[in-house]
Every structure is written in structure tokens, then in C-alpha cells.
Amino acid sequence: NPNFAKPDFDDSGWQGIDPTLTIPEIYGIEKNTSIWLRINLETTKSTEFTAAIKQSVASEIYLNGRILKSYGKIDSLGIKTVAYMPVDNYLILKLDSSKNTLAVRIFFQKGLRYKRFTSLTYPLFSMQLFDENNTSKQLYARDYIWEGFNIGFPFILFLVYFTIFIFYTPNKSALWFSLWGFFSSCS
């Protein structure tokens, strides 16, 4: 329903969710249809923010009923939807000096298993706002790099030490280091 994006739409009957939860942690979320998220923002003066977004889905972002940005490939039937994680891709939000409504339409990619794997998480949708003086945008983007490093580095150690163990089996310490690397990349 395109009316869900409009600022005057009454969403008081909607179920609230905890925005800090990841997709596997949200109970009863329906992944076969699109879902809507809404939040009302009030400002005392016109303000411009830079928004950093984390998501594991395809999305359309609306501000006061107007579409601002679309991330991922969206198919109305949901068959060819492709999720997108916008790393280091920022969105400019221009809020006027009244009530503002931010609405996000979420589409799930078919066949993508939204299960927790090691330290990799699947956020439904999170947005962090920065004003023009805030330099912590780089820290926000580094979170993705650090998650990949926490998985990749122990896995590389697993491959190296397991290869050493295969070619030199008397060296049992290489087996133990390879097992540590494997389980560290999976936890």
C-alpha cells in the first residue's frame, strides 16, 4: 500500500519491533511479502543529515511520502529480488522544521538464508544519522570490514596450518592450530 509512506497515515495499530534485533532474532517476521517500517522525526529547524545504512535486504526509503533511495534489485513478485548491503554509500536526509516521517519498504531475497553465521549478522534495517561536523562515518563503515576480518583471518590460518599438517603429519601442533582457526571462523 503506497499510503504507508505518507506522513498522515495512521500506524498506531502496527506492531512495534526492536530495531537493535537482527533478522534471525525478530520473531514472526514474514519473509514472503514486503514489510513496512515507519518512524516519525520531529525537528525544530530545517536540518540536513547524512545517513549510513546497514541492511540485509532490498529496500525503498521514503521521506514524507517521497521516495529518496532504493537499494537492491526489487521485483514486485518477489522472485527476482536481490538484497544489497550499502557499505560506504551515504544518503542525504533533508528534514524540514516540522514532523517528518521516514518509511522503509523491505523486500527479502528468496533463497537467502537469514541465519546467524559466526560473527556475521543480518540487520533488517538500521540507519545512523550524522550531521556535517560528525566524522564517525568512517568508523561506521569499518564495522563491516572488521566482521569480515574476524571470519577470514582465522579461516586463512586454518587453511595454512591444515596444509602443513597434511604434508608433515608428525607435526601435531599444526593440526591443533588448524582446528582453532576453523572453529574461530565458525563461532
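Look through 135, 118 and report the one residue that is at pLDDT below 60 and loosely packed, with under 14 Cβ neighbours inside 10 Å.
None of the others qualify; the one that does is 135.
Evaluate the following for residue 124: is it touching an Asp or Glu at 6+ places or on another chain (Cβ under 9 Å) and either at pLDDT 75 or above or within 18 Å of residue 57 (Cβ to Cβ) (or both)? No, not satisfied. Among the residues of region 14-36, at least one is open to solvent by 70 Å² or more (accessible area, probe 1.4 Å), modelled with pLDDT of 85 or more and farther than 17 Å from residue 84 by Cα. Answer with yes or no whether residue 11 is touching a helix residue (DSSP H, G or I) at 6+ places or on another chain (Cβ under 9 Å), more than 24 Å from residue 75 (Cβ to Cβ), surrounded by fewer than 16 Cβ atoms within 10 Å (Cβ to Cβ) and modelled with pLDDT of 85 or more. Spelling it out, residue 11 is indeed touching a helix residue (DSSP H, G or I) at 6+ places or on another chain (Cβ under 9 Å), more than 24 Å from residue 75 (Cβ to Cβ), surrounded by fewer than 16 Cβ atoms within 10 Å (Cβ to Cβ) and modelled with pLDDT of 85 or more. Among residues of region 171-187 being modelled with pLDDT of 85 or more and surrounded by fewer than 17 Cβ atoms within 10 Å (Cβ to Cβ), the one that is farthest from the chain's Cα centre (by Cα) is 173. Taking only pairs six or more apart or across chains, which ones have beta-carbon atoms under 6 Å, a first residue in region 82-108 that is within 13 Å of residue 47 (Cβ to Cβ), and a second residue that is assigned to a loop (DSSP other than H, G, I, E, B) and polar (S, T, N, Q)? These pairs meet every condition: 95/43; 96/46; 97/43; 97/46; 100/64.
Would you say residue 63 is over 16 Å from residue 125 (Cα atoms), open to solvent by less than 70 Å² (accessible area, probe 1.4 Å) and aliphatic (A, V, I, L, M)? It is false that residue 63 is over 16 Å from residue 125 (Cα atoms), open to solvent by less than 70 Å² (accessible area, probe 1.4 Å) and aliphatic (A, V, I, L, M).
The values are calculated or read from the model by the stated rules, or taken from the named source; none is laboratory data. Predicted model, so just to flag it, every value in this text is computed and none were measured. Quick reminder, even Gly has a Cβ in these numbers, built from the backbone with ideal geometry, and neighbours come from all protein chains shown. These area figures cover heavy atoms from the full protein model, side chains too; ligands, DNA and RNA do not enter into them. Shrake-Rupley method; radii C 1.70, N 1.55, O 1.52, S 1.80 Å.
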